1. Quick one: count up the residues across segment 320-337 that are touching a residue at least 12 places away in the same chain (Cβ under 8 Å) and over 14 Å from Tyr368 (Cα atoms).
2. As an exercise: evaluate Ala107 against (1) closer than 25 Å to Ala310 by Cα; (2) assigned to a helix (DSSP H, G or I) and give the number of the one condition it does not meet.
3. How many residues are closer than 26 Å to Asp109 by Cβ and surrounded by fewer than 21 Cβ atoms within 10 Å (Cβ to Cβ) when one looks only at segment 328-352?
4. Give the number of residues within segment 290-309 that are of a type outside the set (A, V, I, L, M, F, W, C), touching a helix residue (DSSP H, G or I) at 6+ places or on another chain (Cβ under 6 Å) and at pLDDT 75 or above.
5. Whether any residue in segment 105-122 is within 20 Å of the chain's Cα centre (by Cα), buried (at least 20 other Cβ atoms within 10 Å of the Cβ), touching a residue at least 40 places away in the same chain (Cβ under 8 Å) and under 25 Å from Ile217 (Cβ atoms) is what I want to check.
6. So, in segment 43-101, of the ones that are in contact with an Asp or Glu (Cβ under 9 Å, 6 or more places away or on another chain) and either of a type outside the set (A, V, I, L, M) or not in a helix (DSSP H, G or I) (or both), which residue ends up farthest from Val207 (Cα to Cα)?
7. I'd like the residue in segment 170-186 that is of a type outside the set (A, V, I, L, M, F, W, C) and crowded, with 23+ Cβ neighbours inside 10 Å and, out of all such residues, is modelled with the lowest pLDDT.
8. Output the residue which, of all residues in segment 117-140 that are touching an Asp or Glu at 6+ places or on another chain (Cβ under 6 Å) and either at pLDDT 90 or above or β-branched (Val, Ile, Thr) (or both), is farthest from Gly71 (Cα to Cα).
Amino acid sequence: MPVDRSVDANLSSAGDMRDRIVATIYQRAEEITNRVCRMERVPDREWDRRLDDILTSRWLGFPVMLLLLGGVMWLTVTGANYPSALLANGLFWVEARLTDIFMWAGAPDWLHGLLVLGMYRNLAWVVSVMLPPMAIFFPLFTFLEDLGYLPRVAFNLDRFFKRAGAHGKQALTMSMGFGCNAAGVISCRIIESPRERLIAILTNNFVPCNGRFPTLIALASIIVGGVVSSYGSVVVAGLVVGIILIGILVTLLVSWLLASTVLQGVPSVFTLELPPYRKPQVGRLLVRSLLDRTIFVLARAVVVAAPAGAIIWLMANVMVGEISLLVYTAQLLAPIGRALGMDGYILVAFILGLPANEIVLPILIMGYLSSGVMIELGNLAALRDIFISQGWTWLTAVCMMLFSLLHYPCATTLITMFKETHSWRWTAIGALLPLAVAILVTFCVAQGGRLLGLV
């Protein structure tokens, strides 16, 4: 029966009526089961209910979620450092051997620069930065999924997405976006309603993927500095969790905006039967997390990273008068960058980082140092010194973190959006809507900070 959307006051009472009907159905089913079925031995399921009383509690459910999220972030941050450095050393050792081969063959410098210093080095950056965090995050995420915790997350967040006019399952697709927004977009298939599935697809980008975590972590570490060096990793993880919460809040606000305007409709009924807790199967978990998710996402990133490296190298080495095309573009964008609390080099880094978010920082460093190739600095202290020499303040770092969180999806995610929606129109909206939100938020933060004299 169609629902009159003009009578908004009745929606909450209708929702209460729906909950009472569902509760009555389950109560009646339990009564019938107890009357016609006999068990010689009743399994001890009391611990399930006690655990659910904690994990789905109005008072304890969200603190537990934040603690688990913070723990996963901390393990990902600290655990990825060593394998990432080891992988980078191995890949750049290969780069040195490729350079030897090009020199032995007498190849021209431009060919060596384009193929090795451009395409291969960009590819090495993406693989060394993306693979270790994904190899840690996805198994942890899959572990929580197999354990049966993710449906509890959806249960806790259901009422928020319902009030936003979206579907409760969007909590699950949003969680997938933490690993990769492209995978998050694909996971939106679990939402049956086309309208609510589209809302979930368009807003999945507002939670940071693992490609944005290196930038967020580096900027958070720079802000923290040596003030709390004893607990630096914990504070950095806390700042990153705070950024994630901002992303979740923006997800809810934009979902509400879409559901109230271009994608109006009544939220679908979402009755979630919490599954029992299960013992995760380690072998199946590793196959699903490493092969089905990690390798799949990494392969898509690699496809766009190699040609992007060639474009970046060309921009850094093609001269416009006395300066490179990269520097020239940064100077053109400088006024816009200042209005958003950043500078032209940062905007160029985000534009050229469209293929993969992992290369934003390397491009920024390359622009600041006027280098023709992407380089890696030895530590965060050196990176902090470079940023300060370029006129950075805490407001610059905050605005860049917010822009990194909210700006348009990477090329891999945009391609996935098109494949899922079969529409260039919605794909374009999926790119322009986050960009508009990022511009609005950073402009307000930058101008507000300056008006209040905080910088």
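The values are calculated or read from the model by the stated rules, or taken from the named source; none is laboratory data. Model, not experiment: these values are computed from the prediction. As a convention, Cβ positions derive from the backbone with ideal geometry for all residues, glycine included, and neighbour counts pool all protein chains shown.
1. 2
2. Looking at each condition in turn, Ala107 falls short on (2).
3. Number of matching residues: 2.
4. Going through segment 290-309 one residue at a time, the tally reaches 1.
5. no
6. Phe92
7. Among them, the one singled out is Gly179.
8. Checking each candidate, the answer is Val126.
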